[in-house]
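The values are calculated or read from the model by the stated rules, or taken from the named source; none is laboratory data. This one's a predicted model, so the numbers in the text were calculated from it and none came from an experiment. Heads up, the Cβs are rebuilt from the backbone with ideal geometry, glycines too, and the neighbour counts pull from every protein chain shown.
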Amino acid sequence: MAHIELNNDLPGIRGLMAYRPELAEPLNALAETLLRDDNNTLTRGERELIGTYVSYLNDCFFCQNVHGAMAGHYLECDIQQIDAVKQDFRSAELTDKMKALLAIAYSVQKGGKQVTEEQIAEAREHGATDTEIHDTVLIAAAFCMFNRYVDGLGTWAPQDRQFYINRAPQRALEGYQSSVFK
């Protein structure tokens, strides 16, 4: 049970957005732009993976499973492959650029000042653009906020991970703005 009375039975951030719908629109617009905008050189799957990894680091069950399922959907891989990335991205089957970006996301999760010039240089050496570095930092920072919002109010989350996997294709089709309360 959530720490406050939400007057709905929706899980995770969906319950919070139903409670304060005036906040849902800007929060969903941020997620939609960061994760789904097609004017981005990082794929939707790569951006979802960054959010998944940060949510894993923050121990946010709801977010790491929602976005892990989305990453798996976009990257056409299973949840075990996503779990392997979360547990040790450096040995996962990822590009060197993605590994460098996940290292930056790791540092952002610890604190913005933890990002080093060496990490930025490594990302650039592996082909990351300044926009991709920017977006990685912003996705990581935004997910720290989303994770703390979800867990700070003690929302509930379905424990069956198949729930998230089953919903991913529909969420990918609809996006984050159109179906908050479904």
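Observations
- Search result, residues across the stretch 146-166 that are closer than 15 Å to I13 by Cα and charged (D, E, K, R): R148, D151
- All conditions but one from (1) surrounded by fewer than 20 Cβ atoms within 10 Å (Cβ to Cβ); (2) in contact with a Leu (Cβ under 8 Å, 6 or more places away or on another chain) apply to D59; the one that does not is (2).
- A31, sole failed condition from (1) free of Cβ contacts under 8 Å to residues at least 60 places away in the same chain; (2) outside any loop (DSSP other than H, G, I, E, B): (1)
- Taking the criterion of being part of a helix (DSSP H, G or I) and of a type in the set (D, E, K, R), the residues of the stretch 85-107 that qualify are K86, R90, D96, K97, K99.
- Number of positions in the stretch 1-20 that are assigned to a helix (DSSP H, G or I) and either in contact with a helix residue (DSSP H, G or I) (Cβ under 9 Å, 6 or more places away or on another chain) or in contact (Cβ under 8 Å) with a residue 24 or more places away in the chain (or both): 7
- Looking only at residues in the stretch 111-160 that are over 16 Å from the mean Cα position of the chain (by Cα) and of a type in the set (K, R), the one that is surrounded by the most Cβ atoms within 10 Å (Cβ to Cβ) is R124.
- Unique match (being on the phi > 0 side of the Ramachandran plot and not acidic (D, E)) among G45, G72, G51, G111: G111
- Every residue from the stretch 137-182 that is at pLDDT below 95 and among the hydroxyl-bearing types (S, T, Y): Y176, S178, S179
- Of all residues in the stretch 34-51, those satisfying the criterion of being closer than 28 Å to Q87 by Cβ and either in a loop (DSSP other than H, G, I, E, B) or of a type in the set (A, V, I, L, M, F, W, C) (or both) are L34, L35, N40, T41, L42, T43, L49, I50.
- Checking E25, E46 one by one, the residue that is among the charged types (D, E, K, R), touching a residue at least 12 places away in the same chain (Cβ under 8 Å) and within 14 Å of M98 (Cα to Cα) is E46 and no other.
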